[in-house]
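Remarks on the structure that follows.
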Amino acid sequence: MPPPVDPQVDLRLLRALGDPERQRVVTMLNERVATAAEIACELDMSEPEVRSHLSVLLDNDAIEASGDPQQSYRATIRPFLDDAHWAQLPVEVRRALFAQNIRQIIEHLAPALASDGFDDPKAHVSLTRVDLDHRGWEEVADLLAGVLEEIMDIHAESVDRVTRGESSATIPAELVMLHFQRAARQARTNPGAS
């Protein structure tokens with residue numbers, strides 16, 4: 001049984017982003033304006049399927065149409081669900097969204113590893129295993145959500161500086177944050193050991 005709907009939850013946002021394919025469309029439209037045909041080509045989807053998703057996204061105010069003859073679309077929201085929204089999704093949908101994001105991460109890592117994507121001394125990759133009680137788990141989740149919000153603010157400020165001519169260009173970067181429970185076989189038998 002799903003938890004009771006939090007009054008802070010916008011059901012339009014859930015309808016828009018609670019589907020892996022629609023989330024892919026919104027993610028793409030956060031990066032650039034595109035037509036239905038361009039979306040279909042880039043995301044390897046049929047154009048009727050894309051148009052169906054665009055209709056749901058338009059109905060839920062997640063995107064807007066240009067109105068020009070080519071009918072291009074742009075996102076009006078970020079492809080992000082906060083904890084209150086996330087909790088309203090069935091576990092199967094959350095798993096599908098996680099799987100989609102992890103596939104995209106893997107697809108983007110290979111080219112970055114093969115080129116100069118990790119050459120900058122400020123690039124960061126780490127794997128840290130920790131043992132947390134319930135309160136610690138919640139604290140880490142809240143901290144990561146706050147960090148992501150701050151990063152999105154920095155992103156907006158960076159784009160604004162480039163637009164105003166105060167900076168020459170942006171550095172195309174990707175941020176991946178994973179916070180998950182280790183599988184039982186990977187969990188340490190003695191949580192106090194280091």
Could you check which residue among ALA156, ALA84, ALA99 shows the biggest mean-square fluctuation in a GNM of the chain with a 10 Å Cα cutoff?
-> ALA156
For the range 86-185, convex hull volume per residue from C-alpha positions, Å³ | 164
Which loop chymotrypsin sites (Phe, Trp or Tyr not before Pro) in the range 25-118, with loop taken from DSSP, have no more than 10 other Cβ atoms within 10 angstrom of their Cβ?
-> none
Per-selection metrics, the range 1-116 (Cα): Rg and Dmax in Å = 15.2, 47
Report, in debye and to the nearest 20, how large the dipole of the range 1-123 comes out about its Cα centre when Lys and Arg carry +1 and Asp and Glu carry -1 on their Cβ.
-> 240
Here Rg/Rh (Cα, Kirkwood) for the range 13-52 equals 0.94
Which value at 222 nm does the chain reach when only helices count, each DSSP H run of 4 or more adding -39,500 (n - 2.57), with the total divided by all residues and rounded to the nearest 500 deg cm²/dmol?
-> -16500 deg cm²/dmol
Taking every alpha carbon pair in the chain and sorting the distances into 10 angstrom bins from 0 up to the bin holding the longest one, the percent per bin comes out as 7, 26, 35, 24, 7, 1, 0
Express the Stokes-Einstein translational diffusion coefficient of the range 81-137 in µm² s⁻¹, to the nearest whole number, given a Kirkwood radius over alpha-carbon pairs, 10 °C and a viscosity of 1.306 mPa s.
-> 109
Take the chain, connect every pair of alpha-carbon atoms lying under 10 Å apart with a spring to form a Gaussian network, then pick out the residue of VAL162, VAL176, VAL33 with the largest mean-square fluctuation.
-> VAL162
Inverse of mean 1/r across different Cα pairs in the range 126-194, Kirkwood, Å = 15.2
Charge dipole of the chain built from unit charges on the beta carbon (Lys, Arg +1; Asp, Glu -1), centred at mean Cα; most positive-end Cα among ALA36, VAL93, SER168 is VAL93
Do you know the relative contact order of the chain, to the nearest whole percent, from alpha carbon pairs under 8 angstrom that are 6+ apart?
-> 19
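Coordinate-derived values only; no laboratory data. Quantities reported herein were computed from a predicted structural model and do not represent experimental measurements. Positions of Cβ are backbone-derived with ideal geometry, glycine not excepted, and every protein chain shown enters the neighbour counts.
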